[in-house]
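Report on one structure; see the data block that follows.
The values are calculated or read from the model by the stated rules, or taken from the named source; none is laboratory data. Source: prediction; values computed, not measured. So basically every Cβ, Gly included, is an ideal-geometry build from the backbone, and we count neighbours across all protein chains shown. Protein only, heavy atoms only, side chains kept; ligands, DNA and RNA dropped before computing areas. Shrake-Rupley method; radii C 1.70, N 1.55, O 1.52, S 1.80 Å.
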Amino acid sequence: MKINLHIQFEDGNSKDVTCGAADLVAFENQYNVSVAKLAEETRIGWLLFLAWHSEKRTGATKATFEKWTESVANVGESEENPK
């Protein structure tokens with residue numbers, strides 16, 4: 001299972017990130033919530049965590065979650081299909 005998210009940063013840049021198995025497991029461990037719950041109850045903090053975890057895992061950021069969120073203007077579903 002994979003989820004693609006679109007991140008818009010405060011500096012005007014944007015990118016799509018793919019959240020894979022490692023990110024989804026980290027989400028479930030962090031929040032003690034099944035990723036299936038995302039379809040029923042989407043929370044911005046949950047989406048931000050998934051996007052940040054993917055960015056951290058792939059080396060795109062070294063910032064802590066809290067610091068990274070300060071650079072984000074918006075997060076939402078990507079129009080790209082997860083592969």
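Tabulated data
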{"quantity": "Test: residue in the range 45-62 that is within 15 Å of LYS2 (Cα to Cα), polar (S, T, N, Q) and touching a Leu at 6+ places or on another chain (Cβ under 8 Å)", "calculated": "yes"}
{"quantity": "Inter-residue pairs, beta-carbon under 7 Å, first more than 16 Å from GLU77 (Cα to Cα) and in the range 38-65, second open to solvent by 30 Å² or more (accessible area, probe 1.4 Å) and at pLDDT below 95, 6+ apart", "calculated": "none"}
{"quantity": "Counted residues, the range 1-20 - those being out of contact with any helix residue (DSSP H, G or I) (no Cβ under 6 Å at 6 or more places or on another chain) and either open to solvent by less than 70 Å² (accessible area, probe 1.4 Å) or under 14 Å from TRP52 (Cα atoms) (or both)", "calculated": "11"}
{"quantity": "Of residues in the range 27-57 being small (Gly, Ala, Ser) and more than 11 Å from the chain's Cα centre (by Cα), the one modelled with the highest pLDDT", "calculated": "SER34"}
{"quantity": "Residue match in the range 9-27 (condition: more than 19 Å from THR61 (Cα to Cα) and not hydrophobic (A, V, I, L, M, F, W, C))", "calculated": "no"}
